[in-house]
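Peer 1: I'd like to ask some things about the structure below.
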Amino acid sequence: MAVTAVRTEQRAAALAVNAIDVVYNDVIQVLNGLSLTVPDGEIVALLGSNGAGKSTTLKAISGLLKSEDGAITRGEIVFQGERISGRDAEDIVKAGIFQVMEGRRIVSDMSVIENLRLGAHTRRDGEIRQDIERVFAYFPRLKERSGLAGYLSGGEQQMLAIGRALMARPKLILLDEPSLGLSPLLVKEVFDIIKRLNHELGVTILLVEQNANMALKAASRGYIMEQGKIVLDGTAAALSDNEDVKEFYLGQGRERKSFKTIKSYKRRKRWL
């Protein structure tokens, strides 16, 4: 039985994922009845071990499953009151959702400006230049880089990936492992910017992140996944104080003689 933290009153939901199953190649089930809610204007963290289904959850929301022979076979995803599950990725971007993929996925043989313009490809207004300047205000280092994006450092590429998302003027950003491969100093800088974007622009953020400490410090609430389903949820403060979360994700548990035992047996017994 899943353990559920005490919930506090929430804002209206920007995103609701309702009991979805996701299957790849018609046979491999990755998500099993997964449900979560992202309140409007908040940062929500989605945590879990490798292979738990976090990235698949984001792809289900952003409409990218089709490119990997995946499909939602049960349940629905609702964004701002409209069902988006089953819609094409481009339509979902137009609706206001933009995913920043794991590993940056910038176009290395294009310039910073050209990469930013790609983020605005679904827009038809004349304010692209204005938005580029807004991105540079958040990421001044990018303004100094006039060469190809492939020559940027890992931290600069992550900034460019987030800046490209901003060019779509999203209402919801899906961030997949923004700290991956970055130094501790750059991780702090990127998370500070993520919090600024949320506070200053009001952008709602669903954050998938292996660095649970940083994620829970940035988020207002969170969910923990295991084996394709949610096993724990609550406010960020409640999760940070939860003994299981401390033990499995924050490195604060009691010393154990057998790490294998605590990972493979005790977690399964408690949560699954």
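The values are calculated or read from the model by the stated rules, or taken from the named source; none is laboratory data. As the structure is a computational prediction, the values presented were derived from the model and not from experiment. Positions of Cβ are generated from backbone atoms using ideal geometry, with glycine treated the same way; all protein chains shown enter the neighbour counts. Heavy atoms of the whole protein, side chains included, go into the accessibility calculation; ligands, DNA and RNA do not. Shrake-Rupley method; radii C 1.70, N 1.55, O 1.52, S 1.80 Å.
Peer 1: (1) touching a strand residue (DSSP E or B) at 6+ places or on another chain (Cβ under 6 Å); (2) open to solvent by less than 40 Å² (accessible area, probe 1.4 Å); (3) of a type outside the set (Asp, Glu); (4) not in a loop (DSSP other than H, G, I, E, B): which one isn't true of Arg74, the others all being true?
Peer 2: It fails just one condition, (2).
Peer 1: Residues that are among the basic types (Lys, Arg), modelled with pLDDT of 85 or more and closer than 27 Å to Ala60 by Cα: does region 177-200 have at least one?
Peer 2: Going residue by residue through region 177-200, those that are among the basic types (Lys, Arg) are 188, 195-196.
This time we only want the ones that are modelled with pLDDT of 85 or more, so: 188, 195-196.
From the residues that got through so far, the ones that are closer than 27 Å to Ala60 by Cα too are 195-196.
Yes, region 177-200 has at least one match.
Peer 1: Moving to a separate point now. Give Leu148, Leu172 a once-over and let me know the one that is among the hydrophobic types (A, V, I, L, M, F, W, C), open to solvent by 60 Å² or more (accessible area, probe 1.4 Å) and in contact with a Ser or Thr (Cβ under 8 Å, 6 or more places away or on another chain).
Peer 2: Numbers: Leu172 fails: open to solvent by 60 Å² or more (accessible area, probe 1.4 Å).
Of the residues listed, the single one that is among the hydrophobic types (A, V, I, L, M, F, W, C), open to solvent by 60 Å² or more (accessible area, probe 1.4 Å) and in contact with a Ser or Thr (Cβ under 8 Å, 6 or more places away or on another chain) is Leu148.
Peer 1: A further question follows. Can you tell me how many residues within region 148-178 are touching a strand residue (DSSP E or B) at 6+ places or on another chain (Cβ under 7 Å) and either more than 25 Å from Val208 (Cα to Cα) or aliphatic (A, V, I, L, M) (or both)?
Peer 2: 10
Peer 1: Out of (1) open to solvent by less than 30 Å² (accessible area, probe 1.4 Å); (2) modelled with pLDDT of 90 or more; (3) of a type outside the set (S, T, N, Q), the odd one out for Ala137 is which?
Peer 2: (1)
Peer 1: What tally of residues in region 36-54 results from selecting those that are closer than 18 Å to Glu209 by Cα, part of a strand (DSSP E or B) and not β-branched (Val, Ile, Thr)?
Peer 2: Qualifying residue count for the region: 5.
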